[in-house]
Amino acid sequence: MIFWAHYGFKLKSFKALLANVKDISKRNILIIFAIRAIRSLFAGMLAVSFSLYLYDALRFPLYEIGAIFMAGAFFTPVFSLLFGYYADAIGRKKMLLINFLLMSLSIALIITSENYFALMTAVALGGLGTAGGLIGGGVGASAGPIITALIAENAERERLTAYFSLNNMISSFAGGLGAYLAGIESYSASFYESFVLSLLSVILALFIVERYVPTSEKASSETNRRSRMKGEGPNYIKHFSITGLLNGFSQGLVSPFFAIIFEAVFGLSKAQIGMLFSIGGYLTGFAYIFSPSMNRALGFTKSITVTRTLSATALLLLPIMPNAALAEAMYLILTPLRAISLPIQSSLMMSLIGEEQRATGSGLNQFSRLMASAFSTLLGGFLLEYAPPLIPFAISASATYLNSYLYHQYFSDAEKRIR
């Protein structure tokens with residue numbers, strides 16, 4: 001297999017590297033970044049191979065594929081909420097390991113069965129096809145709130161945006177490589193390699209040293225309980241959930257179907273789609289280099305609103321491009337534009353929400369985002385099957401425009417207190 005011939009991972013070398021890093025926080029960050037690279041690598045493979053496998057190999061119609069993806073889009077937010085809450089309550093490392101094992105089980109089901117409902121179960125467990133694809137961490141996305149909280153736990157506040165940018169940069173480069181490999185390998189090779197990589201992420205997670213003390217192990221006096229509920233943390237969580245809902249609805253309409261759209265509408269081959277997604281991943285990775293400086297220059301909310309408004313415009317233009325080359329160019333514009341604000345948004349959220357509510361708040365944000373995408377993914381499958389392609393793209397862009405407006409309304413004043 002091409003991946004193992006050229007990109008084999010040496011666990012012993014990584015263990016030796018960890019031994020030389022004495023600071024626990026830095027070791028944890030290094031492990032998290034390594035896990036992010038591995039999981040994004042197989043996310044990139046699955047983003048290309050799984051939807052095309054359903055469409056080309058198993059011959060499922062688009063509305064049935066939409067229903068399969070809806071299972072992931074429905075259960076992932078539920079898992080995000082549960083894993084986020086219990087990560088704060090009983091331990092982040094513990095819940096991360098359970099989450100990773102579910103992802104391995106998901107891929108095992110894909111390998112061993114072609115049954116429609118077995119594949120739907122696999123998608124539900126692993127979150128495959130979740131809105132966002134490569135740039136949203138769609139594969140195994142329910143681990144996102146835990147990883148976000150772990151990064152915030154081990155990073156200084158003034159460096160949060162830089163750490164989130166680096167995390168997303170690693171994710172994009174690895175995802176781009178995975179997309180390229182999926183384009184030139186067989187479906188079975190991509191699935192088997194993804195399974196092994198998912199198990200490797202479980203092994204790496206064992207090396208994390210958790211510093212956060214779960215709330216269940218702290219003094220649970222009535223005074224402490226009340227103090228945790230004071231302030232504006234719950235209000236910020238509500239606002240992030242509302243904006244997340246719009247973001248999820250927007251992405252669910254078209255993002256899970258990009259590979260199919262480029263094949264069915266613009267006539268691209270599987271290899272060409274893999275290359276396109278790979279380039280998109282690399283461009284997104286380079287874009288993250290500029291996230292910290294853009295944050296310093298424009299601030300949190302303006303960075304988010306400007307880039308998302310531009311990405312929505314590019315999304316609106318994509319389906320009316322007269323040929324495949326222009327459509328590909330528009331995809332390569334909107335992908336980094338949509339993603340560049342993600343580390344800024346994560347930094348803003350972790351700065352406004354208190355330590356004891358970080359995984360919970362991130363989980364609620366992801367719950368609302370992905371729950372909305374569950375319904376819009378099913379809707380997107382029907383619209384792409386029976387309506388002109390412009391319709392779902394126009395609805396998606398409109399939701400993103402509204403999302404940008406609400407970010408300005410909710411957070412333009414709040415960010416002044418963390419600058």
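Throughout, read-outs are computed from the coordinates displayed, never taken from laboratory work. What you see is a predicted model, and the numbers here were worked out from it, not measured in a lab. In this analysis, Cβ positions are derived from the backbone assuming ideal geometry, glycine residues included, and neighbour counts consider all displayed protein chains.
Below is a table of values for the structure above.
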read-out: Ordering of 205-211, 404-410 by packing [mean C-beta count within 10 Å, highest first]; value: 404-410, 205-211
read-out: Selection from 69, 82, 45 lying farthest towards where the dipole of the range 23-94 points positive, charges on Cβ; value: 82
read-out: Alpha-carbon spread of the chain, three principal axes, descending order, Å; value: 61, 49, 37
read-out: Listed residue (236, 386, 367) projecting farthest to the positive dipole end of the chain, Cβ model; value: 236
read-out: Estimated distance in nm for a label pair at residue 408 and residue 25, the labels positioned 7 Å out from Cα along Cα-to-Cβ; value: 3.6 nm
read-out: Extension reserve of the residue 59-residue 269 stretch, reckoned as 0.36 nm per residue once the Cα distance is removed; value: 74.0 nm
read-out: Gain upon complete extension [residue 391, residue 289; 0.36 nm per residue less C-alpha separation]; value: 33.3 nm
read-out: Distance in nm between pseudo-label sites at residue 309 and residue 111 (7 Å out along the Cβ direction from Cα); value: 4.9 nm
read-out: Under 22 Å between alpha carbons - lysine pairs in the chain that sit 8 or more apart or on different chains; value: 19
read-out: Assigned charges on the beta-carbon of Lys, Arg, Asp, Glu; the chain dipole about Cα centre (debye); value: 1340 debye
read-out: Additional length obtainable on full extension of the chain from residue 203 to residue 298, 0.36 nm per residue less Cα span; value: 30.2 nm
read-out: Nearest-0.05 FRET efficiency for residue 196 and residue 326, computed from C-beta distance (R0 35 Å); value: 0.35
read-out: Packing-based ranking, highest mean first, of 266-273, 389-396, 145-152 given that Cβ atoms within 10 Å are counted; value: 145-152, 389-396, 266-273
read-out: Cα→Cβ-extended label distance, 7 Å offset, between residue 90 and residue 188, nm; value: 3.9 nm
read-out: Peptide ranges 191-200, 55-64 listed from the most packed, as the mean C-beta count within 10 angstrom indicates; value: 191-200, 55-64
read-out: Residue among 258, 367, 117 with the largest mean-square fluctuation in a Gaussian network model of the chain, springs linking Cα atoms under 10 Å; value: 117
